[in-house]
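Asks: What follows is a single structure, and I will ask about it in a moment.
We did not get these values from a lab; they are worked out from the coordinates using the rules stated. Everything quoted here is computed from the prediction, not taken from an experiment.
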Amino acid sequence: MDRSQAVWQEWITKIQSWGLASLCATLMDGLSPIALLSAQILYFGQPIINPFLSSRQMIGLIDLLEDPEAYQVFKYELRKAAAL
């Protein structure tokens, strides 16, 4: 399993435990047109964001936002987790 995918699975588990999987997937539907732009903003905002996210999490998030296929898979996994 790729490092980013391991981070994504941790996020799905955490989001599901909070009961927010469906809400997050819905938000991702609406925000998908700006996902790539968001990744670029994260690149530039790393010095500000680093205290809140580990570099492993930051890379995982940027990878997720830059890859439309991974973005769709993550949403699908969130919806699947919400159905459990």
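Asks: In whole Å, what is the distance between the alpha-carbon centres of region 9-34 and region 55-84?
Replies: Between the Cα centres of region 9-34 and region 55-84 lies a distance of 8 Å.
Asks: Please compute one quarter of the surface area of the Cα convex hull for region 1-43 and express it in square nanometres. Write down the numbers at each step before the final one.
Replies: Numbers: hull surface 14.6 nm².
That works out to 3.7 nm², a quarter of the Cα hull's surface.
Asks: Please list the three semi-axes, largest first and in whole Å, of the ellipsoid equivalent to the chain, using sqrt of 5 times the eigenvalues of its alpha carbon gyration tensor.
Replies: For the chain, the ellipsoid semi-axes come out as 21, 15, 12 Å.
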